[in-house]
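Below: one structure, written as structure tokens.
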Amino acid sequence: MDALLSQLFAGLSLGSVLLLAALGLALTFGQMGVINMAHGELMMAGAYTAFVVQQVVADAGVSLLVSLPLGFLVGGLLGLLLEVTLLSRMYRRPLDTLLVTFGVALVLQQLARDVFGAPNVDVRAPAWLQGAVPVLGLDLPRTRLFILALAVLAVVALALVLRLTPLGRRIRATVQHRDLAETSGVSTRATDRLTFFLGSGIAGVAGVALTLLGSIGPTLGTAYVVDAFLVVVVGGIGQLKGAVIAAFGLGLIQATFEYSTTASLAKVLVFVVVVAFLQLRPQGLVAVRTRSLA
């Protein structure tokens, strides 16, 4: 029983990390069709923001609380700059966005090496996140519980924005039918920019959260961008509910495989499961409903 509960928590914990990594990507990929290979580097920017803040603010608890909104701002502004300067010229050309953002990712990685050096650096976790919390006979790491809570908070906040705010209504209208939204007076260009700022900001928050799990370096984002795309594709393009189900589902599947095999083999088996699933349901778990007649 303890082993089952332990694996269940491991899966939920892994799923929360995947969800944070994929949430912003689901938003931008679903609306604009941009294959943003630099999404991982936006997470890296958030992680290095936490590192810089901790050099200025010695108290680890205060620095973490400052880093979360600052990481959102840094990631969001970087994403906005990327959208305005490059991606706005390449809408409806997804393969071009893939190549361009891959090049941007390499540039950002080299920039991080030049500024912070190639070796990984550490960000201290605050005292109130060290240790474990006993639950049902298990010792659950506080850092993992914090990331799980942060992922849930991010989903709730994003859902409220999409459902209750004028920006959310414009985003949903643009996703369902861009041309009709423009005809109705929605500025889809402005909506795209705000959406990219929001999605990139969430990536920055994810980067701050990842500093609690280990050292950070210039290639931090590379380890997560493929997993983030897997979550988006399995969940259904642009579907928040699908992304949540896919993230926790893939986390539980990988944790289950890791229990009986190795981490590397578990990753391969997860890829096999995803490929098999997409053969049966290529539109993902939740298909977007549009007003398009095509």
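The values are calculated or read from the model by the stated rules, or taken from the named source; none is laboratory data. Note that this is a predicted model, so its numbers are computed, not measured. Cβ sites come from the backbone with ideal geometry, for glycine too, and all protein chains shown count toward neighbours. What goes into the accessible areas is simple: the full protein's heavy atoms, side chains included, and nothing from ligands, DNA or RNA. Shrake-Rupley method; radii C 1.70, N 1.55, O 1.52, S 1.80 Å.
Things to note:
- Look at (1) out of contact with any helix residue (DSSP H, G or I) (no Cβ under 6 Å at 6 or more places or on another chain); (2) over 24 Å from Leu285 (Cβ atoms) and you find that Gln176 fails only one, number (2).
- On the stretch given as segment 114-127, residues that are open to solvent by less than 30 Å² (accessible area, probe 1.4 Å) and touching a residue at least 12 places away in the same chain (Cβ under 8 Å) total 4.
- Filter result for Leu194 (surrounded by fewer than 21 Cβ atoms within 10 Å (Cβ to Cβ), touching a residue at least 40 places away in the same chain (Cβ under 8 Å) and in contact with a Lys or Arg (Cβ under 9 Å, 6 or more places away or on another chain)): no
- Subset of segment 204-224 that is modelled with pLDDT of 90 or more and not in a loop (DSSP other than H, G, I, E, B) - its residue that is nearest to the chain's Cα centre (by Cα): Ala206
For every residue, the table says whether it meets (1) open to solvent by 60 Å² or more (accessible area, probe 1.4 Å); (2) part of a helix (DSSP H, G or I); (3) at pLDDT below 90.
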site	(1), (2), (3)
Val186	no, no, yes
Leu198	no, yes, no
Ile202	no, yes, no
Leu230	no, yes, yes
Phe257	no, yes, yes
Leu265	yes, yes, yes
Arg289	yes, no, yes
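- If you go through segment 139-185 and keep only what is farther than 24 Å from Ala47 by Cα and touching a Ser or Thr at 6+ places or on another chain (Cβ under 6 Å), you end up with Arg170, Ile171, Thr174, Gln176, His177, Arg178, Ala181, Glu182.
- Contacts under 6 angstrom Cβ, first residue in segment 253-271 being free of Cβ contacts under 8 Å to residues at least 24 places away in the same chain, partner among the acidic types (Asp, Glu) and assigned to a helix (DSSP H, G or I), 6 or more apart: Ala266/Glu258
- Contact map, segment 221-250: residues that are on the phi > 0 side of the Ramachandran plot paired with residues that are open to solvent by less than 30 Å² (accessible area, probe 1.4 Å) and modelled with pLDDT of 85 or more, Cβ distance under 6 Å, separation 6+ or inter-chain. Pairs shown: Gly236/Gly242.
- All positions within segment 128-143 that are open to solvent by less than 80 Å² (accessible area, probe 1.4 Å) and assigned to a helix (DSSP H, G or I): Leu129, Thr143
- Hey, Val225 under 24 Å from Val34 (Cα atoms) and open to solvent by less than 60 Å² (accessible area, probe 1.4 Å) or not: yes
- Flag for Arg113 being closer than 11 Å to Leu212 by Cβ and not hydroxyl-bearing (Ser, Thr, Tyr): no
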